[in-house]
Amino acid sequence: MHVIVLSGYLLPLAKAEAEALIKATGGSVKKIDDNLMFFEAKNTGKLYRLGLAHSISKILLQSDKKNFFGDIKKIKKVSGPFAVRVKYMNKRKPAEKKIIDAVWRQSDKKVNLRKPKNVVNVFVTKKEIIVTRLVTEIDKSFIAALKKMPFKKPITMDPRIARAMINLTGLTKGSLLDPFCGTGALLKEAAELGFRCYGSDISEDMVRGAKKNLAFFGLRAVLRKADATKLKSIWHKKFDAIVTDPPYGISTSLFNKNMKELYTKSLRSMKSVLKPGGCVVIAVPKKLERSVIINARKLGLAVDAKIEQRVHKSLRRVFVRLI
């Protein structure tokens with residue numbers, strides 16, 4: 001059994017992302033306790049891709065608090081050099097030193113806090129104490145990369161959300177299209193994760209900027225100026241996944257298109273270039289959620305997941321997965 005420490009930022013999206021990726025790699029989620037996700041998997045190698053998670057650890061002991069100090073004596077001795085980190089998942093904090101001492105007694109006593117070979121993460125929840133060995137710390141360098149992009153706009157997508165949306169597809173490879181690519185932030189994440197990337201935007205300025213950004217990071221994607229409501233006439237192929245974050249629709253129109261009409265026609269257009277069995281992950285303003293879902297069903301797409309996000313006081317959006 002393993003455990004993922006999920007990000008507290010957009011926790012519902014973090015849960016959906018992790019579950020989709022675990023299932024895609026042949027694993028299964030067993031339990032979710034606040035921001036801890038417990039799962040079974042033979043291989044955790046693909047989980048480094050997570051955008052809204054902190055770490056993955058292998059469980060050595062899962063014990064209720066009253067039996068912990070007896071149960072800890074039954075685990076295999078921890079080999080060093082190692083370090084112990086106690087993480088409290090609620091406000092009540094039992095004696096940290098006692099927990100560390102209990103782990104130390106079940107070790108070869110070789111401690112190295114600066115450069116440990118093994119890191120023992122101990123998670124203390126409301127009812128349990130879980131002793132684990134760290135498998136992977138999620139590399140967060142992709143977040144800071146956003147600041148280095150030479151072409152940026154206020155609409156540039158948070159890279160954590162971009163990765164989460166990509167992982168919501170349940171795919172780890174294949175062709176991916178973003179028909180509202182903007183600055184190319186989502187395509188950057190998809191390309192880094194190994195997808196064959198394609199993007200388009202109605203704005204020539206955005207297409208040039210996206211090309212500049214992807215070239216800056218040494219990444220490849222096919223980019224074209226295109227109307228998202230007429231994708232079939234531009235892309236003479238079909239895609240494994242379409243992942244996109246269209247305009248929020250704070251204004252009433254976009255390039256002379258009514259927002260509701262834009263989403264309706266764009267969704268029909270996306271379906272026309274989606275492979276059979278493919279997946280669409282789209283961010284939708286809350287006020288258009290019902291309309292988008294009704295139109296998706298008319299097109300033969302099933303709503304597989306919905307996760308809501310509060311963007312700011314006057315705007316909520318929903319991440320919708322369609323299959």
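The values are calculated or read from the model by the stated rules, or taken from the named source; none is laboratory data. Since the model is a prediction, treat every value here as computed from it, not as a measurement. With ideal geometry, Cβ positions are generated from the backbone for all residues, glycine too; neighbour counts draw on all protein chains shown. The accessibility values were calculated without ligands, DNA or RNA, using every heavy atom of the protein model including side chains. Shrake-Rupley method; radii C 1.70, N 1.55, O 1.52, S 1.80 Å.
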Is segment 1-68 best put as rounded, prolate or oblate by its Cα gyration tensor, with a ≥ b ≥ c the root eigenvalues, rounded for a/c under 1.5, and otherwise prolate when a/b is larger than b/c, oblate when not?
oblate
Of the convex hull drawn through the C-alpha atoms of the chain, the volume per residue in Å³ is 142 Å³
Can you compute the FRET efficiency between Tyr9 and Lys173 using 1/(1 + (r/R0)^6), with r the Cβ-Cβ distance and R0 = 22 Å? Round to the nearest 0.05.
0.25
So if each residue of separation counts as 0.36 nm, and I subtract the Cα-Cα distance between Ile32 and Glu137, what length gain in nm does that give?
35.9 nm
What distance in nm separates the simple spin-label points at Lys212 and Lys109, each placed 7 Å from Cα in the Cβ direction?
6.3 nm
Based on C-alpha coordinates, I'd like the Rg and Dmax of segment 49-119, in Å.
13.3, 37
Tell me, what is the per residue accessible area of segment 1-147 in Å², probe radius 1.4 Å?
54 Å²
Where segment 165-281 is the region considered: accessible area per residue in Å², 1.4 Å probe:
42 Å²
Taking the simple approach of a point 7 Å from Cα along Cα-to-Cβ for both Lys147 and Leu219, what is their distance in nm?
1.9 nm
Expected output is a single nm value to one decimal: the length gained when fully extending between Lys73 and Arg268, i.e. 0.36 nm times separation in residues minus the C-alpha distance. What is it?
64.2 nm
Roughly how tilted is helix 204-216, in degrees to the nearest 10 and between 0 and 90, from the longest Cα axis of the chain?
30 degrees
Which pairs break 30 Å Cα to Cα here: Lys42/Lys306; Lys42/Lys287; Lys23/Lys152; Lys58/Lys271; Lys46/Lys211?
Lys42/Lys287; Lys23/Lys152; Lys58/Lys271
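Once the convex hull of the alpha carbons of segment 185-323 is built, what does its volume come to per residue, in cubic angstrom?
Per-residue hull volume (Cα only) is 117 Å³.
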In the chain, what percent of the accessible surface is made up of carbon and sulfur (1.4 Å probe, ligands and nucleic acids excluded)?
51 percent
Using the charge dipole of the chain (Lys, Arg: +1 at Cβ; Asp, Glu: -1 at Cβ; taken about the Cα centre), state which of Thr25, Ile242, Phe216 has its Cα farthest towards the positive end.
Thr25
